[in-house]
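Q: Pasting a structure below so you can have a look.
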């Protein structure tokens, strides 16, 4: 589980993330929701130890994030970014196996793992020998997910994982990802600005606005018991898919 | 640290070649025809006296030759008394040869008496003008106020130039033009002017059949041609030195003008001209295989200069570029210093390095190494800096160790930029290495400098064409290497 205590971030005079507390349960999918500039990416970077928090601390399964623990903690997290973040100079296979190679895992162990995950994300093995720039957006994102899952992390962080995809691929991959996360029983954190995605993925949703956590709860909580008028406004501005509404 | 190891390495490279030089007497010249001819005459005399000679002709400037002979890098070269007084003894007022000979003893040097001519400023007229007006000396010229003067701005503006000359001889011409040397000669040829300034042994004097007026009041500075040599060398080669001293007073100004003209006007090699002077005839011209052999030797010399310096630039520049990328605090310093080095004029840099390394290959390689540094450092830095920050974040997010991020992600992504830097450095190196001839490092620069000094285009091209070919080849070769090194995923698009 992820325990965020009194975490904030300021750059000089400017506060990009106001102090917040959040406890995110293990083996569930949590959505960090908000428009761009709301502080959600800052929170992510703090969670991964890419930048230090100005106040407070983050604990991953009881271990506090600091420069000494960062490498170890990060290896227990899988990280998927928008447009995949695949290294353009490496083939798909080399991209996903890079970390395991540097950690000294055996070739056969790596191959085994790649085959297993390729099956899970339904990505043809032949595509692993190609370079990222000759793959489609959806294929790259699946590779990105494989790369994040290689070390079988307990936590998976996804930053706008569907952001760069066209609508059809997007809907398709969204369903795939739901299936994958349900199969793996991981703690998943997803950043998105898309209400539909949030409603579809999230066991919980944390809605951010201008550096503040506005409300944390389930989608029905947000829809039926909005903490502030902003929540309703945000929900109304983006109409969630019909089936989600119907299930309310 | 690496730098010092490198310098050590370079010095050990150098010392092996020095070993060979110890057995040979290095004869040098400065980069103009007369100096080449006199040095070659000396070299041939030494060889006749069983001295093994290494010719380092066309050294860039008086300062360079001065350093070289006082350090013992060279043992002998032709010089002018005025220059010795000025550059060696820092006493331009010293004119008497005897006094100069006395003073240079303290530098461990010795010089011959005048070889017989004074290469100084002089005024010249067309021969028929001199005959018509019965002119022998400058005093005679003062009698002809209608003579039209065309003088170079050099002599017009020098302290010891025309203004003082006019006062000394009471020259008061009605017509005086300030013009360029080549234009003045043409004007003189066409009869548009009557008097111009020349160097007293200029080959043009013969070509245009000019008459040099005698400086009967001794106004112009004394630039007697002499051979300057190290005393310790003379002690060991007394017979050869004695034979050289037999040339004292044997070369008149007219004779020197003809020798210069043979080289400059008739485009004969200074080897042939020197041989002609000593023996009155020439042996067979150089066979083609000899020329090919010389080309091959120069290619090896040039390659050696470029490869060692380029290799060092890469070995030092790449880590420096990486350091600049990681340590933002010192990146400005690293980048600015490497840029600063680039702004030092090559000849000045070479001259700076002589006190440290002497002349020849070592300072040349070190200078080329310095010049090659900036493109490598800068392109490594900007290549790393240009990597998409998202990819770097993605690598950190993956949990890769910093060294793996650098080695497996950042450097491969920066490789196209780094290779561009290396290519730039190589091409600059091949070009700049031609200047190495100015400090006696050989290579393609040797024929280029000779060609420039003699205004002899074919000789110049013997160096310039192979140098250009080498640059093209290097470009081509490095492109092929780049194809191999740059990851395939970065090339398609």
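The values are calculated or read from the model by the stated rules, or taken from the named source; none is laboratory data. Because the structure is a prediction, the values reported are computed rather than measured. With ideal geometry, Cβ positions are generated from the backbone for all residues, glycine too; neighbour counts draw on all protein chains shown.
Q: Looking at the stretch A:25-139, what helices (runs of 4 or more DSSP H) fall wholly within it and have at least 2 residues that are within 19 Å of the chain's Cα centre (by Cα) and either within 14 Å of another protein chain (Cβ to nearest Cβ) or exposed (fewer than 14 other Cβ atoms within 10 Å of the Cβ) (or both)?
A: Answer list for the stretch A:25-139: A:40-47, A:70-75, A:92-102.
Q: Restricting attention to the stretch B:466-482, which residues are within 30 Å of residue A:86 (Cβ to Cβ) and away from chain A (no Cβ under 14 Å)?
A: Keep residues of the stretch B:466-482 that are within 30 Å of residue A:86 (Cβ to Cβ), which gives B:478-482.
Those that are within 30 Å of residue A:86 (Cβ to Cβ) and away from chain A (no Cβ under 14 Å): B:478, B:479, B:480, B:481.
Q: If I ask for residues that are loosely packed, with under 13 Cβ neighbours inside 10 Å and part of a strand (DSSP E or B), which ones from the stretch A:4-24 would you list?
A: First pass over the stretch A:4-24, keeping only residues loosely packed, with under 13 Cβ neighbours inside 10 Å: A:6, A:11-14, A:21, A:23.
Matches in the stretch A:4-24: A:6, A:11, A:14, A:21, A:23.
Q: Output the residue which, of all residues in the stretch B:79-95 that are buried (at least 24 other Cβ atoms within 10 Å of the Cβ) and in contact with a helix residue (DSSP H, G or I) (Cβ under 7 Å, 6 or more places away or on another chain), is farthest from residue B:219 (Cα to Cα).
A: It comes out as B:84.
Q: Taking the options B:273, B:306, name whichever one is under 20 Å from residue B:455 (Cα atoms) and either under 21 Å from the mean Cα position of the chain (by Cα) or in contact (Cβ under 8 Å) with a residue 24 or more places away in the chain (or both). Walk me through how you get there before you give the answer.
A: Working: B:306 fails: under 20 Å from residue B:455 (Cα atoms).
Going through B:273, B:306 in turn, the sole match is B:273.
Q: Quick one: which of B:50, B:35 is in the same structural domain as residue B:105 (by TED's automatic domain parsing) and in a loop (DSSP other than H, G, I, E, B)? Let's see the steps before the verdict.
A: On the way: B:35 fails: in a loop (DSSP other than H, G, I, E, B).
Result: B:50 is the single residue among B:50, B:35 that is in the same structural domain as residue B:105 (by TED's automatic domain parsing) and in a loop (DSSP other than H, G, I, E, B).
Q: Checking residue B:229 against (1) at pLDDT 90 or above; (2) part of a loop (DSSP other than H, G, I, E, B); (3) surrounded by 13 or more Cβ atoms within 10 Å (Cβ to Cβ), which test does it fail?
A: Tallying (1) at pLDDT 90 or above; (2) part of a loop (DSSP other than H, G, I, E, B); (3) surrounded by 13 or more Cβ atoms within 10 Å (Cβ to Cβ), residue B:229 fails exactly one: (2).
Okay, residues lined up against (1) in contact with a helix residue (DSSP H, G or I) (Cβ under 6 Å, 6 or more places away or on another chain); (2) more than 30 Å from residue A:74 (Cβ to Cβ):
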| site | (1), (2) |
| --- | --- |
| B:391 | no, no |
| B:398 | yes, no |
| B:405 | yes, no |
| B:426 | yes, yes |
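Q: Same structure, new question: Residue check, residue B:427 against (1) assigned to a helix (DSSP H, G or I); (2) more than 24 Å from residue B:319 (Cβ to Cβ); (3) away from chain A (no Cβ under 14 Å), all met but one. Which one?
A: Looking at each condition in turn, residue B:427 falls short on (2).
Q: For the stretch B:441-463, give me each residue that is assigned to a helix (DSSP H, G or I) and under 15 Å from the mean Cα position of the chain (by Cα).
A: Filtering the stretch B:441-463 for residues assigned to a helix (DSSP H, G or I) gives B:445-454, B:457-463.
B:445, B:446, B:447, B:448, B:449, B:450, B:451, B:452, B:453, B:454, B:460, B:463, listed by residue number.
Q: Could you check the stretch B:373-409 and list, in sequence order, the residues that are surrounded by 23 or more Cβ atoms within 10 Å (Cβ to Cβ), facing another protein chain (nearest Cβ under 10 Å) and touching a residue at least 12 places away in the same chain (Cβ under 8 Å)?
A: Answer for the stretch B:373-409, where residues must be surrounded by 23 or more Cβ atoms within 10 Å (Cβ to Cβ), facing another protein chain (nearest Cβ under 10 Å) and touching a residue at least 12 places away in the same chain (Cβ under 8 Å): just B:395.
Q: Something else: Of all the residues that make up the stretch A:140-155, how many are part of a helix (DSSP H, G or I) and either touching a residue at least 60 places away in the same chain (Cβ under 8 Å) or within 14 Å of chain B (Cβ to nearest Cβ) (or both)? Working first, answer last.
A: Here is the first cut: in the stretch A:140-155, the residues part of a helix (DSSP H, G or I) are A:140-149.
Retained after the next criterion (residues that are either touching a residue at least 60 places away in the same chain (Cβ under 8 Å) or within 14 Å of chain B (Cβ to nearest Cβ) (or both)): A:140-141, A:143-149.
Result for the stretch A:140-155: 9.
Q: In the stretch B:449-469, what count of residues is obtained for those that are modelled with pLDDT of 90 or more and in contact with a helix residue (DSSP H, G or I) (Cβ under 8 Å, 6 or more places away or on another chain)? First the steps, then the outcome.
A: Applying the first criterion (modelled with pLDDT of 90 or more) to the stretch B:449-469 yields B:461-469.
Retained after the next criterion (residues that are in contact with a helix residue (DSSP H, G or I) (Cβ under 8 Å, 6 or more places away or on another chain)): B:461-464, B:466-467.
Number satisfying all stated conditions: 6.
Q: Has the stretch B:437-454 got any residue that is away from chain A (no Cβ under 14 Å) and more than 24 Å from residue B:365 (Cα to Cα)?
A: Let us first name the residues in the stretch B:437-454 that are away from chain A (no Cβ under 14 Å), namely B:437-454.
Among the residues that remain, those that are also more than 24 Å from residue B:365 (Cα to Cα) are: B:454.
Yes, the stretch B:437-454 contains a residue that is away from chain A (no Cβ under 14 Å) and more than 24 Å from residue B:365 (Cα to Cα).
Q: All but one of (1) part of a helix (DSSP H, G or I); (2) surrounded by fewer than 24 Cβ atoms within 10 Å (Cβ to Cβ); (3) in contact (Cβ under 8 Å) with a residue 24 or more places away in the chain hold for residue B:65, so report the exception by its number.
A: Residue B:65 satisfies every listed condition except (2).
Q: I've got another one for you. Right, residue B:367: crowded, with 19+ Cβ neighbours inside 10 Å, under 15 Å from residue B:432 (Cα atoms) and modelled with pLDDT under 95 or not? Even if it seems obvious, please write down each step before you answer.
A: Numbers: crowded, with 19+ Cβ neighbours inside 10 Å: yes; under 15 Å from residue B:432 (Cα atoms): yes; modelled with pLDDT under 95: yes.
When the stated conditions are applied, residue B:367 passes them.
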